[in-house]
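Notes follow the structure.
The values are calculated or read from the model by the stated rules, or taken from the named source; none is laboratory data. A quick note: this is a predicted structure, and the numbers were derived from the prediction, not measured. Counting neighbours? That spans all protein chains shown, and the Cβs are built from the backbone with ideal geometry, glycine included. For accessibility, only protein heavy atoms count, side chains too; no ligands or nucleic acids. Shrake-Rupley method; radii C 1.70, N 1.55, O 1.52, S 1.80 Å.
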Amino acid sequence: MRAPTPQRMGVEGFVCWTAHSIHDRTELRHVLDAQLSGGTQALREAREAGLLDGTALRPRGLAAAHEFAEQSGLPITGPTDAVADFSALLDGIRAAADEGRALTVEAVPEGFSRVTPTAGRFDRAYHTVNVAREYPDGVEVELNYRSRDPSHPGETRPNRSSAILWLRGDVDREYDHRREWVEG
């Protein structure tokens, strides 16, 4: 069965969705060349955009593949609930960083529980969002986030945010996404 033409859903999402399904580099190029007029070029552009590392998905590529799967109605193999939550948290981190603000608990999907942070440097009394969720298929998504004031006595600096987001457990490949930004 031939996949739908990805025009309205984004070529990058289609490339990532296909890369998630096909691990062999030669076969991936062959399929993309057959499906897209600029198949190999689209693959190169996805790599340059930081979505793929070779043929392996990076966190942004995983989010693009999942979005394509949702919009196209085509299934994506693997832990889709975990991928959806990982993608939602990744979007929340990006939005907070792009807007120069703190990440709030509103960015966390339902079903997450507070946890003691995995990364020791996040175990401090600043504004934190440290949550994790385990899924029935042996997959876990965890977010460790903090917003801290880097000022010394007598000076004022904007807060700094830092986040680490993991997808791990029984998955084809574990992912982590790290981001730091200045709140403004």
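Would you mind calculating the relative contact order of the chain from Cα pairs under 8 angstrom and at least 6 residues apart, reporting the percent as a whole number?
Details: 304 pairs, mean separation 30.2, N = 184.
16 percent.
Can you tell me the length gained on complete extension of the stretch R114 to S151, counting 0.36 nm per residue apart and subtracting the Cα distance? Kindly include the intermediate steps, with their values, before the conclusion.
On the way: separation 37, 0.36 × 37 = 13.32 nm, distance 2.76 nm.
Result for the pair: 10.6 nm of gain on full extension.
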Distance in Å, no decimals, from the C-alpha centre of the stretch 25-52 to the one of the stretch 85-112 is 29 Å
In whole percent, the fraction of accessible protein surface over the stretch 50-109 that belongs to carbon or sulfur atoms, probe radius 1.4 Å, stands at 47 percent
Under the Karplus relation with 6.51, -1.76 and 1.60 and θ = phi - 60°, whole-Hz ³J(HN,Hα) for the stretch 173-184, x at Gly and Pro, equal 8, 7, 10, 9, 10, 10, 8, 10, 7, 9, 7, x
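Could you provide, to the nearest whole Å², the per residue accessible area of the chain with probe 1.4 Å?
Working: 9750 Å² over 184 residues.
Accessible area per residue, the chain: 53 Å².
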Hydrodynamic radius by Kirkwood for the stretch 89-184, inverse mean 1/r across distinct Cα pairs, in Å, is 14.0 Å
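Could you give the C-alpha radius of gyration of the stretch 21-83 expressed as a fraction of 2.2 N^0.38 Å, taking N as the number of residues it contains?
Numbers: Rg = 11.7 Å, N = 63, 2.2 N^0.38 = 10.6 Å.
Against the empirical 2.2 N^0.38 Å value, I get 1.10 for the stretch 21-83.
At a Förster radius of 35 Å, what calculated FRET efficiency corresponds to the Cβ-Cβ distance of A34 and A88, to the nearest 0.05? Can you show the working numbers first?
On the way: r = 32 Å, r/R0 = 0.93.
Computed FRET efficiency for A34 and A88: 0.60.
Taking the Cα centre as origin and putting +1 on Lys and Arg beta-carbons and -1 on Asp and Glu beta-carbons, what dipole magnitude results for the chain, to the nearest 20 debye? Before the final figure, lay out the partial values.
Details: 22 positive and 29 negative charges, 98 e Å.
Rounded to the nearest 20 debye, it is 480 debye.
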So, with points 7 Å from each Cα along the Cβ direction, the T80-D24 label distance in nm works out to 2.6 nm
Residue by residue through the stretch 82-95, the couplings from Karplus 6.51 cos²θ - 1.76 cosθ + 1.60 with θ = phi - 60°, in Hz, x for Gly and Pro, are 5, 5, 4, 5, 4, 5, 5, 5, 4, 4, x, 5, 4, 4
For the chain, the Cα-Cα pair-distance distribution in 5 Å bins from 0, as whole percents, is 1, 8, 16, 18, 17, 13, 11, 8, 5, 2, 1, 0, 0, 0
Pseudo-spin-label distance V182 to R168, built 7 Å along Cα→Cβ, given in nm, is 3.2 nm
